Amino acid sequence: MSSIALIDYGAGNLRSVHNALVAAGADNVAVTADPDLVAKADRIVLPGVGAFAACMNGLSAIDGLVGAMEQRVRGEGAPFLGICVGMQLLADAGEEHGRHAGLGWVGGTVRAFDPAPGLRIPHMGWNDVVPGFAHPVIAAGEAYYLHGYHFADAVDVAATSSHGGSFVAAVAKDNIVGVQYHPEKSQAYGLATLERFLNWRP
């Protein structure tokens with residue numbers, strides 16, 4: 001029985017993500033901010049809703065949590081999934097309301113969409129996921145997005161989509177994967193994404 005730590009730092013759609021993980025086949029999901037549980041989890045999921053800085057500050061404010069994530073994910077290779085702002089926090093920095101440091105696990109900077117005539121911001125609704133290479137978690141399809149910022153200049157792009165130009169839909173690096181879209185709101189496609197994550201053996 002694989003244990004999953006769904007990180008609770010006050011900035012994620014936790015109930016929906018928890019229910020989607022269970023629907024995808026997870027049987028041991030702990031919604032937690034406890035560094036000890038995170039350090040022992042078989043898999044880690046980091047959701048996120050809201051502004052980059054507020055999310056990063058919330059994560060950093062919990063004593064020992066970032067360190068436990070670093071140890072378990074980057075040190076010991078536990079599979080990791082970041083969702084929406086949870087993916088964006090993987091970046092070196094975010095530029096929402098000033099420049100703020102991220103986790104720095106995947107190179108790149110989170111920036112606002114460039115405004116253009118007729119372009120709706122935030123980007124909201126269903127859009128394509130177009131993989132750039134074969135990956136065990138990321139597949140072609142349509143997913144649900146809700147975001148006004150995107151992961152720019154990423155060096156580990158696993159998939160793209162388009163809204164006033166191409167943007168990063170997913171990143172992947174070793175045992176780390178992040179998706180800009182919301183699997184928990186993406187119906188059958190989203191559940192299939194989570195199921196692939198649960199079965200992933202990086």
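Some observations on this one:
- Label-point separation, Ala101 to Asp174 (7 Å along Cα→Cβ), nm: 1.9
- Projecting the alpha carbon convex hull of region 157-202 along each direction and taking the average yields 3.4 nm².
- Rough spin-label spacing in nm, given labels placed 7 Å along Cα→Cβ, for Ala192 and Ala139: 0.4
- P(r), alpha carbons of region 89-202 - 10 Å bins starting at zero, rounded %: 14, 46, 34, 6, 0
- Modelled label reach - Ser2, point 7 Å along Cα→Cβ, region 70-96 residues with backbone N closer than 18 Å: 72-83
- Kirkwood-based Rg to Rh ratio, region 45-96, C-alpha trace: 0.95
- When Leu65, Leu37 are compared by accessible area at a 1.4 angstrom probe, the order from most to least is Leu37, Leu65.
- When every Cα-Cα distance of region 1-88 is counted in 10 angstrom steps from zero, the calculated P(r) takes the values 19, 55, 25, 1 percent.
- For the chain, alpha-carbon Rg over 2.2 N^0.38 Å: 0.93
- For region 134-190, the gyration tensor built on C-alpha atoms gives an oblate shape. Its axis ratio a/c (a ≥ b ≥ c) is at least 1.5, and a/b is not larger than b/c.
- Principal axis dimensions, region 1-46 - Cα atoms, whole angstrom, descending: 26, 26, 11
- Sites Asp153 and Arg74, calculated FRET efficiency, Cβ-Cβ separation with R0 22 Å, nearest 0.05: 0.60
The values are calculated or read from the model by the stated rules, or taken from the named source; none is laboratory data. These numbers come from a predicted model, not from an experiment. Neighbour counts are summed over all protein chains in view; Cβ atoms, including those assigned to glycine, are modelled from backbone coordinates with ideal geometry. Ligands, DNA and RNA are stripped out before the accessible areas are found, and what is left, the full protein with its side chains, is counted by its heavy atoms. Shrake-Rupley method; radii C 1.70, N 1.55, O 1.52, S 1.80 Å.
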